[in-house]
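Read-outs: derived from the displayed coordinates by stated rules, not from any lab. Owing to the predicted nature of the structure, the values given are computational and were not obtained by experimental measurement.
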Amino acid sequence: VKVHEGAIGSINFAEDTSANDEGLKVQREAVAELIKETDATIAEKKASITDNEEAIKTKEAEVTTSNDCKLAEKQLQNLKNKEETYTTDLTDLETYKKELEKSLANLGGADGT
């Protein structure tokens with residue numbers, strides 16, 4: 001049994017080709033469900049990145065017009081740091097999804113059935 005630990009959780013799957021069909025079906029369904037959950041998380045992360053990009057644009061304008069430039073600059077830097085974290089998280093999630101898809105293919109199903 002191989003264990004994969006990723007951004008969302010872990011999945012165990014048998015690599016023994018003599019495993020019964022019902023067990024493989026259950027495992028394929030579990031991996032397919034993790035792929036769906038990962039897709040949803042990726043969509044949420046992309047939305048967060050878009051929202052953060054808008055906040056950065058707003059804050060950049062504020063830096064030049066605000067009476068408290070130092071505070072606005074600090075807030076802008078925090079937003080840029082958040083963007084970097086979101087981008088890293090997104091990359092990790094996309095990598096995790098590819099690994100799940102490989103696992104699903106190894107289990108004999110690309111459609112989760």
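Side notes on the structure shown:
- Rounded to the nearest whole Hz, the Karplus-based 3J(HN,Hα) values (6.51 cos²θ - 1.76 cosθ + 1.60, θ = phi - 60°) of the stretch 74-79 follow the sequence 5, 5, 4, 4, 4, 5, with x at glycine and proline.
- Cross-link table Lys45/Lys82; Lys36/Lys80; Lys36/Lys82; Lys82/Lys102, entries beyond 21 Å C-alpha to C-alpha: Lys36/Lys80; Lys36/Lys82; Lys82/Lys102
- Phi to ³J(HN,Hα) by Karplus 6.51 cos²θ - 1.76 cosθ + 1.60 over the stretch 45-53, Hz, x for Gly, Pro: 5, 4, 5, 5, 5, 4, 4, 5, 4
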